[in-house]
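**Student:** Got a structure for you, questions after.
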Amino acid sequence: MGNYQICDFCGNLYAKTVGKMCGDCERNYHRLRDIIVAHPGMTVLELSNHTGITVRKILTFVERGFFIMREGTIEERQ
Ligand SMILES: [Zn+2]
C-alpha cells in the first residue's frame, strides 16, 4: 500500500502524488475556483447546483482553507 494514500477530502484511495488530494478532488477544486473567480458572490447552494459538486464537498474545501465563506457566499482565498 506504499504507493497509495487516502484523499483528505473524499476518503478515496489514490496513487501517491505531490498533491494533498486525489485527481477527482483536484478537478473539482479547479472547477469551483474558476466559477468563483468569474462569478463572485455565489452561495454554496448555487455553486453546488452549477457544478454538480455536493454542498458537503464544497464545505470541506472551505474547512480546509481553500475558500472563504462569508454570509453564505463563497470567495476565493486572497
Ligand atoms: Zn478526493
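Here, each number is a calculation from the coordinates, and none is a lab measurement. It should be emphasised that the depicted structure is a prediction, and the values quoted were computed from it without experimental measurement. We place every Cβ from the backbone using ideal geometry, glycine too, and count neighbours over all the protein chains shown.
**Student:** Within the stretch 24-57, how many residues turn out to be surrounded by 13 or more Cβ atoms within 10 Å (Cβ to Cβ), part of a helix (DSSP H, G or I) and of a type in the set (S, T, N, Q)?
**Tutor:** Residues meeting the conditions: 3.
Table: residues versus (1) within 9 Å of the ligand (Cβ to nearest atom); (2) more than 18 Å from F67 (Cβ to Cβ); (3) in contact with a helix residue (DSSP H, G or I) (Cβ under 7 Å, 6 or more places away or on another chain).
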residue	(1), (2), (3)
Y4	no, yes, no
D8	yes, no, no
G11	yes, yes, no
K16	no, yes, no
G19	no, no, yes
D24	yes, no, no
Y29	no, no, yes
D34	no, no, no
G41	no, no, no
